[in-house]
Amino acid sequence: MTIALRQRPLACVVAGIVRANNGLLFDIGDMSTLYQDAAGTTPVTAVEQPVGKMLDKSGNGYHATQPITASRPTLSARYNLGLNTSQVMTGYNGWSGGAAGTINSALAPDGTMTASTVTTQEWMWCEGFGGAYGSCSFAIYARAPSGTSFQTSITIWNAGTSTRIASEIITVTDVWKRFIVSGITTSGTSLCRVSISNAAGGINPPVGSMWWGFDVRSGLDMGPYQRVNTATDYDTDERYFKKYLRFDAVDDFLNLPFMNLYGDGVASIICARDAVSQATDTYIISERSTTDADPKYFPSRQLASAGNMDTYIADDASAVVLDTVGSAFGGAADKVIRSVVDTGSNLKLYKNGALAADDNYTRSGTLTLNNTTIGASVSTTTSNYASMKLYGLIVTKSALTDAQRVACERYLGRKSGVPL
Amino acid sequence: MSNWTHTLTVIVPESLITQANQLALAVGTSEDDINTFRSADWTDGTSNYAVAHTQAVEQIMDYFAQVPVELASGVAFPTISISTDGVTTLTGSDITKVQVFVDAEPFAVFGLLNLTRKEIA
């Protein structure tokens with residue numbers, strides 16, 4: 001007799017976990033769940049379209065909506081922050097000074113006639129691409145004139161202070177080669193600049209040298225070159241460029257039906273990047289009252305924020321203090337998965353599946369909340385918004401077991417490309 | 001490819017929030033756009049402003065051209081240019097009007113206008 005054991009697909013297992021725990025499941029990469037309007041009448045058909053409605057895949061009906069046009073987040077798969085219409089040398093946020101060159105004048109590594117050739121030896125630089133990430137990377141293909149080689153210097157700068165973030169001398173030969181330089185910023189809010197120059201013993205890019213594939217992005221994980229023709233026209237190969245929902249930190253957020261997450265314990269499993277501040281962790285998912293300034297509850301981070309939830313914690317005497325563990329996403333310029341599991345008397349934070357904080361506490365008082373949002377903390381008088389790129393989100397209305405949490409983390413990891 | 005090819009960053013003096021919401025309703029896609037600007041939670045230290053940042057369709061300037069003149073007269077379209085040596089120039093700014101920046105990075109706009117958010121917890 002043969003007994004065949006068939007394993008249920010992970011997606012089904014996770015949907016079952018979320019459904020049984022009265023939660024929600026958002027998968028940004030599944031474009032069939034996204035609509036441009038809040039009514040759900042106009043599907044999202046391409047990247048760089050606004051998202052006014054996002055369907056909950058658990059079956060529990062916690063669909064997210066945003067009726068106000070300007071407040072809708074944007075579906076994106078863009079990683080290369082440079083706008084390099086002609087690959088190098090021209091274009092806003094492309095090369096913007098120094099060396100002159102002829103675009104589309106040389107055979108590029110991809111076999112197209114899209115590489116640029118330097119005609120005046122001078123340093124090359126560009127700036128204006130985003131800071132506030134904690135780390136950034138730059139890549140470019142280079143080739144020397146036939147039979148020659150040269151050394152030059154690639155430097156990433158903080159454009160605001162003109163201090164170096166990273167610098168490397170490269171040796172360019174007459175064979176195309178891709179060069180990657182990454183650096184970690186200590187001052188996170190200024191825009192970055194990249195230069196290729198005679199600094200540190202190299203020479204400025206010489207006449208006849210060829211350049212292609214300008215790529216600059218947040219984080220240390222460069223990945224394959226992403227060609228960007230315009231802000232809405234770029235490579236979207238799903239193997240390399242996973243889709244995410246971009247929240248602009250100005251006014252973007254999504255409304256959920258009120259979930260009352262504080263009631264019975266909660267778990268949130270989040271895959272995001274570029275969410276570098278404690279505040280942003282807070283606003284990934286939050287609950288508050290629209291009639292009172294306080295209290296508020298932030299299931300996507302350690303519980304308390306001084307002056308808010310502290311009132312509702314009677315005892316927090318253990319070594320790890322709930323609100324001072326630090327930002328769950330601090331410095332996370334690359335995709336990461338963070339899980340917060342709150343039983344009502346114990347709080348755990350997991351970073352990419354590993355336990356990072358474990359704290360017992362005692363609640364006191366009763367919260368009266370009526371508003372659940374993604375990407376913002378919406379108050380009666382003013383609101384704060386998250387700057388983040390969200391790949392997937394699972395929230396349940398009870399604290400998951402370890403096995404359930406791990407399944408959810410693996411699911412989001414597979415969908416978004418985070419190895420767990 | 002998306003036809004949402006522009007971005008708008010809109011700066012609204014507190015006294016013009018009602019007019020700005022009428023403008024948002026006129027060029028937006030939803031009846032709820034009348035609530036686009038809710039509170040003036042940005043400040044330059046002297047006055048308070050409401051702000052918005054949004055994707056916009058490629059015909060957005062045509063839509064602006066069709067709004068009633070009494071609304072359009074209160075709107076300015078400043079521009080930002082960056083010279084080859086990195087100097088940023090702001091042209092056409094008028095802080096007494098609703099200012100609409102097209103295809104500008106929002107936080108660069110806020111920086112140029114010395115606007116900071118009045119943070120809450």
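The values are calculated or read from the model by the stated rules, or taken from the named source; none is laboratory data. Remember, predicted model here, so these are calculated numbers, not experimental data. Backbone-built Cβ (ideal geometry, glycine too); neighbour counts: all protein chains shown.
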Checklist line | segment B:49-59, subset surrounded by 18 or more Cβ atoms within 10 Å (Cβ to Cβ) and in contact (Cβ under 8 Å) with a residue 40 or more places away in the chain, residue farthest from residue A:44 (Cα to Cα) | finding: B:49
Item checked: Residue ID - surrounded by the most Cβ atoms within 10 Å (Cβ to Cβ), chosen from residues in segment A:43-73 that are more than 8 Å from chain B (Cβ to nearest Cβ) and assigned to a strand (DSSP E or B) -> A:54
Note to self: Can you tell me which residue is nearest to the other protein chains (Cβ to nearest Cβ) among those in segment B:46-70 that are out of contact with any strand residue (DSSP E or B) (no Cβ under 9 Å at 6 or more places or on another chain) and not polar (S, T, N, Q)?
What the structure shows: B:62
Item checked: Qualifying strands (runs of 3 or more DSSP E) (wholly inside segment B:25-121; at least 2 residues being over 26 Å from residue A:193 (Cβ atoms)) -> B:48-56, B:98-102
Checklist line | Residue that is surrounded by the fewest Cβ atoms within 10 Å (Cβ to Cβ) [pool: residues in segment A:11-42 that are assigned to a helix (DSSP H, G or I) and among the hydroxyl-bearing types (Ser, Thr, Tyr)] | finding: A:32
Item checked: Selection status of residue A:323, under 27 Å from the mean Cα position of the chain (by Cα) and either buried (at least 22 other Cβ atoms within 10 Å of the Cβ) or modelled with pLDDT under 80 (or both) -> yes
Next item on the list: Would you point out which residue out of B:20, B:24 is at the interface with chain A (Cβ under 8 Å from one of its Cβ atoms), among the hydrophobic types (A, V, I, L, M, F, W, C) and under 13 Å from the mean Cα position of the chain (by Cα)?
Entry: B:24
Check: Under 6 Å by Cβ, and 6 or more places apart or on different chains, what pairs join a residue from segment B:92-116 that is on the phi < 0 side of the Ramachandran plot with one that is assigned to a loop (DSSP other than H, G, I, E, B) and aliphatic (A, V, I, L, M)?
Finding: B:106/A:250
Note to self: Residues to consider are A:229, A:255; find the one that is within 30 Å of residue A:168 (Cα to Cα) and within 14 Å of chain B (Cβ to nearest Cβ).
What the structure shows: A:229
Margin query: Looking at (1) modelled with pLDDT of 90 or more; (2) out of contact with any Leu (no Cβ under 8 Å at 6 or more places or on another chain), which one does residue A:188 not meet, given that it meets all the others?
Written below: (1)
Check: Residue check, residue B:62 against (1) touching a Gly at 6+ places or on another chain (Cβ under 8 Å); (2) exposed (fewer than 15 other Cβ atoms within 10 Å of the Cβ); (3) closer than 26 Å to residue A:66 by Cα, all met but one. Which one?
Finding: (1)
Item checked: Set A:240, A:262: member being modelled with pLDDT under 85, more than 29 Å from residue A:39 (Cβ to Cβ) and of a type in the set (Ser, Thr, Tyr) -> A:262
Note to self: If a residue must be surrounded by fewer than 21 Cβ atoms within 10 Å (Cβ to Cβ) and either part of a helix (DSSP H, G or I) or of a type in the set (Phe, Trp, Tyr) (or both), how many such residues does segment B:1-15 contain?
What the structure shows: 2
Next item on the list: Run residue B:39 past the list (1) hydroxyl-bearing (Ser, Thr, Tyr); (2) crowded, with 21+ Cβ neighbours inside 10 Å; (3) at the interface with chain A (Cβ under 10 Å from one of its Cβ atoms) and report the number of the one that doesn't hold.
Entry: (2)
Check: Consider residue B:81 against the criteria (1) of a type outside the set (Phe, Trp, Tyr); (2) surrounded by 14 or more Cβ atoms within 10 Å (Cβ to Cβ); (3) in contact with a strand residue (DSSP E or B) (Cβ under 7 Å, 6 or more places away or on another chain); (4) without any contact (Cβ under 8 Å) to a residue 12 or more places away in the chain: it satisfies all of them except one. Which criterion is unmet?
Finding: (2)
Checklist line | Among the residues listed as A:202, A:183, A:219, the single one being closer than 30 Å to residue B:4 by Cβ and crowded, with 16+ Cβ neighbours inside 10 Å | finding: A:219
Next item on the list: For segment A:230-251, enumerate the residues that are outside any loop (DSSP other than H, G, I, E, B), in contact with a strand residue (DSSP E or B) (Cβ under 6 Å, 6 or more places away or on another chain) and either among the acidic types (Asp, Glu) or more than 26 Å from residue B:52 (Cα to Cα) (or both).
Entry: A:248
Notebook entry, point to check: Looking only at segment A:107-136, which residues are among the small types (Gly, Ala, Ser), modelled with pLDDT of 80 or more and surrounded by 19 or more Cβ atoms within 10 Å (Cβ to Cβ)?
Noted result: A:108, A:115, A:116
Next item on the list: Filter segment A:388-420 for residues that are among the β-branched types (Val, Ile, Thr) and under 23 Å from residue A:77 (Cα atoms) and give the result.
Entry: A:394, A:418
